[in-house]
Amino acid sequence: MKLTVVTDGRGKVIACVDGAVSSPAKRRGVRATIVPQAGQRFHEIDVPQTYAKLEPLDLLKALARQVGG
């Protein structure tokens, strides 16, 4: 499963969205995305499918470990 994650300048996860933003949409219709601002980093990572079942705070902790924050 791919996730797009944005971290702040200290490496703290501040946003994530299901899928890789750089990949073309496979669905038709409206599509939203996240865009990092100045000082933020953009990560596209592969995560285990089990991440989809994590509670929000547990997901943030797991993502922080993956991106080094």
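Quick look at the numbers
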{"quantity": "Accessible-area ranking of 54, 63, largest first, probe 1.4 Å", "calculated": "54, 63"}
{"quantity": "Amide H partners (placed H, <5 Å) of residue 14, local residues excluded", "calculated": "6, 7, 8"}
{"quantity": "Label-point separation, residue 34 to residue 8 (7 Å along Cα→Cβ), nm", "calculated": "1.4 nm"}
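The values are calculated or read from the model by the stated rules, or taken from the named source; none is laboratory data. Everything numeric here is computed off the predicted structure, so don't read it as measured data. Using ideal geometry, Cβ is built from the backbone for each residue, glycine included, and neighbour counts are taken over all protein chains shown. Note: areas computed on protein heavy atoms with side chains; ligands, DNA, RNA excluded. Shrake-Rupley method; radii C 1.70, N 1.55, O 1.52, S 1.80 Å.
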